[in-house]
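A.B. asks: Sharing a structure below in structure tokens format, with a few things to ask.
The values are calculated or read from the model by the stated rules, or taken from the named source; none is laboratory data. Everything quoted here is computed from the prediction, not taken from an experiment. Cβ placement follows ideal geometry from the backbone for every residue including glycine, while neighbour counts extend to all protein chains displayed.
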Amino acid sequence: MQESRVDTLLLSEYLEGVSWLIKENANFNYSYSGLLSYIANTYLREYGLRTMPPEAARAHIEGDIHIHNLDSGNLIPYCHGGDLLLLLRIGIRSPTITSRPAKHFSAVVDHVANYFLMSQNEFSGAQAFSDFDTIVAPFIAYDHLSYKEVKQNLQKLVYNLNFTTRQSFQSPFTNLTFNLCCPAHLEEQHVIIGGEEKEDTYADFQDEIEMVNMAMAEIYMERDAAGRPFTFPIPTVNLTSKLDWDSDALDAIFDVDSKLGTYYFMNYLGSGIPENTMRSMCCRLLIDLSQLSSPKGLFTSEGGTGSIGVVSLNMARIGYLAKDEHDFFDRLDNLLEIAKEYLMFKSEMVERSLAKGLMPFAQAYGFDPDRYFRTIGVIGLNEMCINFLGEPLSRSVDFVEEVLLHIGDRLREFQVETGKLWNLEETPGEGASYRLAKIDRERYPGIYTKGTASAPYYTTVLIPTDEDIPLAERLDIESRLLPLFSGGTVFRIHLGEPIDATVAKKLVRRIAENYRIPYIDLAATFSVCPREAYMLHGVYDKCPRCGGSMEVYARVVGYYRPTYKWNPGKQTEFNDRILASSNYLSL
């Protein structure tokens, strides 16, 4: 019998920790599951490169672009926004068993967790539900639950969504959106209990909505048994004209946010974005429902959308290589065409996977690729400006605006040409920001990157985290540029100390009402001693109580993970960050 042989190099790379890809994503955990994923993902990545259009493969390998989640082999989509009302109508469906629609609050939270646990197998990015508090609130009233019972059930949900059930021993990347009230689009919608519409509408359950938000805020504040924060689900609060800024629930949310930086805030007040048109998928990706055609099948306008895939353009390299402005836009257009060709190819691959039965979960919930966006992102805008103009983005706003408007125009052309949905994202680029800068440092010794020679990175926000710029000036710049990203972005302040909850609320409200900032984040930095379940704000190596090592937590891109798990580029970026004090927050 012929001897079977396998290449042991991949096993050795993982077991000996020699590849940076082991820490490409800070959500990965070194484990046997991680080993299996590392091997499988390497082959899937190679399969993806060999089967995609050759020019796209070349551009990715050489660092002109970064194709995200390539380790899915181009076989499954990226982010998924589920339809919670659909889940309430039909229950949980899987290839093995089918549940009836939830009749009780305890069943709803189990269904939400199980939905995410299954969907993560067929979507490589984040999973999300919108209007969570509004839609689950009626179950509390119908079950006559106490606050303690509500909190216990939600605590179970939060813990279940943080356990490491995903490949590479990860937690599922999940997002829940909270309204703190009944949004206009649900005011006349009859509530769904046990799969049936009842006489009541969602507008009838404000007390229960408040209860959900109070309980979630308490759970986030309490942290886990070792004092670590809950990374998921990432909560987003919708700031709308109906929001009661004096509610106890909102006060509780800002109490958490002022200390742990847990929440994001979706701005429907001063951003110019119509209410109920955006959906938060993950740490930045926003989906514009106004671009969707009439809902098909069982999906409502509130769910069943997301992103097929994401390609990021290496803007820093374009800036370095371009001889003049004409050459700059020629190079940009060339990469946009390559990205378009790849994303259309991936759309076909996903449709083929669906037809072949490779996505049974998505098929059971009426997955429609035509409701999903093809996302193009940008990385290194600040370094683009320095390489091309000799000045940082903060002094090159006119040119950056011209570039973003140009990309937006091209994406609208793609939409007409292909009949598909396209959007532009300010890519988080956790691994891509390091990979692209690393390639460029090796290939172009004269190129400007952030970081060091051994751990370079590109900026994935507009104003670099190490640039000392007054808050009002930064808001003016970003308020002008952030609305040009149709597929998502974030305005983030990295805090180095806890702030008063009333200060946090006033700041977020001031930004929301006076600036065209779509998505707001007050990100905390703190250290945790798991042995003592003890937390200190700021960066500390040793626990003052027991002398043991402390884990430093910060947002790596859009989610909290201990910094020792970050890739080299992100660790350098963290060390470069200027952490804001309370004095910085004055407007």
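A.B. asks: Could you give me the residue pairs with C-beta distances under 9 Å whose first residue belongs to the range 88-104 and is within 19 Å of Leu358 (Cα to Cα), whose second residue is of a type in the set (A, V, I, L, M, F, W, C) and part of a loop (DSSP other than H, G, I, E, B) wherever it lies, and which are 6+ apart or on separate chains?
C.D. replies: Ile92/Ala102; Thr98/Ile92
A.B. asks: Related question: Mind checking which residues of the range 182-220 are over 29 Å from the mean Cα position of the chain (by Cα) and acidic (Asp, Glu)?
C.D. replies: Matches in the range 182-220: Glu188, Glu196, Glu197, Glu199, Asp200, Asp204, Asp207.
A.B. asks: Picking from Leu522, Leu495, Leu507, which residue would you name as being under 30 Å from Ile407 (Cβ atoms), aliphatic (A, V, I, L, M) and modelled with pLDDT of 95 or more? Before you say what the answer is, go through the steps one by one.
C.D. replies: Working: Leu495 fails: under 30 Å from Ile407 (Cβ atoms); Leu507 fails: under 30 Å from Ile407 (Cβ atoms).
Step by step, each of Leu522, Leu495, Leu507 is checked, and only Leu522 is under 30 Å from Ile407 (Cβ atoms), aliphatic (A, V, I, L, M) and modelled with pLDDT of 95 or more.
A.B. asks: For the range 205-249, name all the residues that are touching a strand residue (DSSP E or B) at 6+ places or on another chain (Cβ under 8 Å) and assigned to a helix (DSSP H, G or I).
C.D. replies: Once the filter is applied, which keeps residues that are touching a strand residue (DSSP E or B) at 6+ places or on another chain (Cβ under 8 Å) and assigned to a helix (DSSP H, G or I), the range 205-249 yields Val212, Asn213, Met216, Tyr220.
A.B. asks: Go through the range 511-568 and count every residue that is of a type in the set (Gly, Ala, Ser) and without any contact (Cβ under 8 Å) to a residue 24 or more places away in the chain. Break it down into steps so the answer makes sense when it comes.
C.D. replies: Quick first cut of the range 511-568, residues of a type in the set (Gly, Ala, Ser) only: 512, 523-524, 527, 533, 538, 547-549, 554, 558.
From the residues that got through so far, the ones that are without any contact (Cβ under 8 Å) to a residue 24 or more places away in the chain too are 547-549.
Total satisfying the criteria: 3.
A.B. asks: Tally up the residues in the range 354-370 that are surrounded by fewer than 22 Cβ atoms within 10 Å (Cβ to Cβ) and in a helix (DSSP H, G or I), please.
C.D. replies: 8
A.B. asks: Quickly run through the range 525-543 and pick out the residues that are in a loop (DSSP other than H, G, I, E, B) and touching a strand residue (DSSP E or B) at 6+ places or on another chain (Cβ under 8 Å). Walk me through it before giving the result.
C.D. replies: The initial filter retains those residues of the range 525-543 that are in a loop (DSSP other than H, G, I, E, B), namely 525, 530-533, 538-541, 543.
Within the range 525-543, Thr525, Pro530, Gly538, Val539, Tyr540, Asp541, Cys543 qualify.
A.B. asks: Out of all the residues in the range 63-70, is one or more surrounded by fewer than 19 Cβ atoms within 10 Å (Cβ to Cβ) and either in a helix (DSSP H, G or I) or not hydrophobic (A, V, I, L, M, F, W, C) (or both)? Talk me through it step by step, then tell me what you get.
C.D. replies: Start the filter on the range 63-70 by keeping residues that are surrounded by fewer than 19 Cβ atoms within 10 Å (Cβ to Cβ), which leaves none.
Among the residues of the range 63-70, not one is surrounded by fewer than 19 Cβ atoms within 10 Å (Cβ to Cβ) and either in a helix (DSSP H, G or I) or not hydrophobic (A, V, I, L, M, F, W, C) (or both), which makes the answer no.
A.B. asks: OK, next. Restricting attention to the range 30-63, which residues are of a type outside the set (Lys, Arg) and touching a Leu at 6+ places or on another chain (Cβ under 6 Å)? Before the answer, list the steps.
C.D. replies: Here is the first cut: in the range 30-63, the ones of a type outside the set (Lys, Arg) are 30-44, 46-49, 51-57, 59-63.
Scanning the range 30-63 gives Ile39, Thr42, Gly48, Ala57, Gly63.
A.B. asks: Report yes if some residue within the range 204-220 is surrounded by fewer than 22 Cβ atoms within 10 Å (Cβ to Cβ) and small (Gly, Ala, Ser); otherwise report no.
C.D. replies: No, the range 204-220 contains no residue that is surrounded by fewer than 22 Cβ atoms within 10 Å (Cβ to Cβ) and small (Gly, Ala, Ser).
A.B. asks: A further question follows. Please specify each residue of the range 162-181 satisfying the condition of being in contact with a strand residue (DSSP E or B) (Cβ under 8 Å, 6 or more places away or on another chain) and crowded, with 20+ Cβ neighbours inside 10 Å. Can you show your working first?
C.D. replies: Taking the range 162-181 as the starting set, the residues that turn out to be in contact with a strand residue (DSSP E or B) (Cβ under 8 Å, 6 or more places away or on another chain) are 164, 172-180.
Those that are in contact with a strand residue (DSSP E or B) (Cβ under 8 Å, 6 or more places away or on another chain) and crowded, with 20+ Cβ neighbours inside 10 Å: Pro172, Phe173, Thr174, Asn175, Leu176, Thr177, Phe178, Asn179, Leu180.
A.B. asks: Can I ask one more? Quick one: Lys346 ticks every box in (1) modelled with pLDDT of 95 or more; (2) closer than 26 Å to Ala432 by Cα; (3) touching a helix residue (DSSP H, G or I) at 6+ places or on another chain (Cβ under 7 Å); (4) not aliphatic (A, V, I, L, M) except a single one, so which number is it?
C.D. replies: (3)
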